[in-house]
Amino acid sequence: MAFNISIDLDRSDYMYKTLKQELAIYVEKLKTVYEEHLKEVVLYGKCAKIDYYDGDHDIEIMILVDMDDAQIREYQAQLSEVTYEMFLEGAFYITPIVFNKFHFMDWKDSNKFYKKIDSEGVRLYKDDTSIVEKYEEHREKRIVVAAYQFEVSDDINENYDNICKALIMAKMEGNVQLIVFGECALSGYLGMDIESVEDIDYENLEFCLENLGKLAYEYNMHILLGTITKHKETFYNSAVLLTTDRKRIYYAKRDLTRNEIDEIKPGEDLIIFAINGVKIGVRIGKELATPEYFRELKDKNTDLNIVLSYGKENINDMTKVYTRCRACENSTYMLNVSSVNDIKAIETAETCLVSDEGDVLVELDVDKEDMFIYEINIV
C-alpha cells in the first residue's frame, strides 16, 4: 500500500514516526469515506511545525473535497466514525475540518486562515488528477453584481436601514451574488458627515455589521460596503466584505485625503477574493486616480476591480474617466460605487460599471437613490 505522505522520513523520534504511520492510515480511511471526491489532505497547526510529536497537541487536519456543503454534511457521520477509530486505536486526537476544494482555491489569497494553511501546511495527500485543470473547468467566470447608491448620513441606523432595504430589493430580483455599497456607507464619511472618528458609536456599528453578516448568510449574497473601523485604538477607512459563510475580510484605504490623515491610519494589505471563478480586487476613494494601485491588482490577475467612492468628496467630474482608464490599462472590468449627492451643489462620483475594453455598460444618475444589477461574464 503506497501512502502519499510528505513528512520527513529521516526524523528519528519514535513518537513522530508513529504519527507519520498513523496519518498514513488516517488518509487511507478518508479515501474509503470520500472515494474519488477526496482531493487533498493537509496537516496544519502545531503538529505541522514541530520536529517530534509528544502527544500533547490535537492533530489538525484539513480535508478538501469536490462536494457542496450539503454533501459534506451527509458524510459527517462517516468522518466522525473513522476519526473516533483513530482515537480508540492509538489515542490520537485528530480534529478534522472539511471544505470544498474549489472554495478553498477561490479564497486562499484573501482568507488569512486559508492562506496560512496553504503556505505552511504539510500535504499528506493530493489527488493525482490535476486539480488546477479541474479548477479551471469548474470556474464559470460569471458573477451577478448589484450596486446601490443612497445619501449617506451621520446616522448609522439610518444608513443600516438603507443597506437592508437594498438587500431585500436585490434578493427579490434573484441571483445576485455580490452587492456593493460606497465608501463609508455605514459609518458616514469623516469631514463631511461626521467631524471626528470619536463621534462614531462603534458598539452599534459592530452590531450592524454582525446583523449584515447574518443577512449575507441567509440571503446567500456577499456584501461589500465601506465604513470607518476601529481596531484597538487605531482607526481605518475600510472596505468590509461579509461573505456567505459568515466571514469578514477587510481592506483599509491607503491613499488618504486631507480630512482623514490626522485621524485615520493607512492600510497595508491587499484584498483579493473570488466569487464563482471571478477574481476581484478592491480599492477606495482617491486610489482610483493612481494607476499603481491597479497595477498591483493586475499582477494578481483580477477580473473585476471595485472602487468604493463617496460622492460629496469628489469635486471634479473625472471619476468616470478614471474608471474607464483603469479598465483599459489593465483589461479588467471596473465597478465604481458611490453615494447620492445633489449634482447642482457639487460634482460627484458616478456609480458605473465599465467593461474590460473601457465601455460604460451601466450607470446611475448621481442625484438619485438607485440600484443596478448586472451579470458579468469573463471571456
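Every read-out reported here was derived from the displayed coordinates using simple, explicitly stated rules and does not represent laboratory data. Since the model is a prediction, treat every value here as computed from it, not as a measurement. Ideal geometry is used to build each Cβ from the backbone, glycine not excepted, and the neighbour counts take in all protein chains shown.
Of note:
- Around the amide H of Ile271, modelled in the peptide plane, lie the amide H atoms of Val282, all under 5 Å away and 5 or more residues distant in sequence or on another chain.
- Note on Arg324, Arg246: ascending count of other Cβ atoms within 10 Å places them as Arg246, Arg324, the fewest first.
- Structural descriptor for the chain: relative contact order 14 percent, calculated from alpha carbon pairs under 8 angstrom and at least 6 residues apart.
- Karplus 3J(HN,Hα) series, Hz, for the stretch 273-286 with 6.51 cos²θ - 1.76 cosθ + 1.60 (x for Gly, Pro): 9, 9, 10, 6, x, 8, 8, 10, x, 10, 9, 10, x, 5
- Taken over the C-alpha atoms, the stretch 227-328 has Rg and Dmax values of 14.0, 40 angstrom.
- Positive-end ranking of Ala77, His103, Ala91 along the dipole of the stretch 70-113, with charges on Cβ about the Cα centre, is headed by His103.
- Global size of the stretch 87-246 as Cα Rg and Dmax, reported in angstrom: 19.9, 65
- Cut-off under 5 Å, modelled amide H: who pairs with Val278 long-range: Lys141, Arg142
- Based on C-alpha pairs under 8 angstrom that are at least 6 apart in sequence, the stretch 113-253 has a relative contact order of 20 percent.
- Size descriptor for the chain, Kirkwood hydrodynamic radius: 22.6 Å (Cα pairs only, one decimal).
- Value of relative contact order over the stretch 180-272, rounded to a whole percent, pairs C-alpha under 8 Å and six or more apart: 27
- With eigenvalues of the C-alpha gyration tensor scaled by 5 and rooted, the stretch 178-259, Å: 23, 13, 11
- DSSP beta bridges confined to the chain are antiparallel in about 65 percent of cases.
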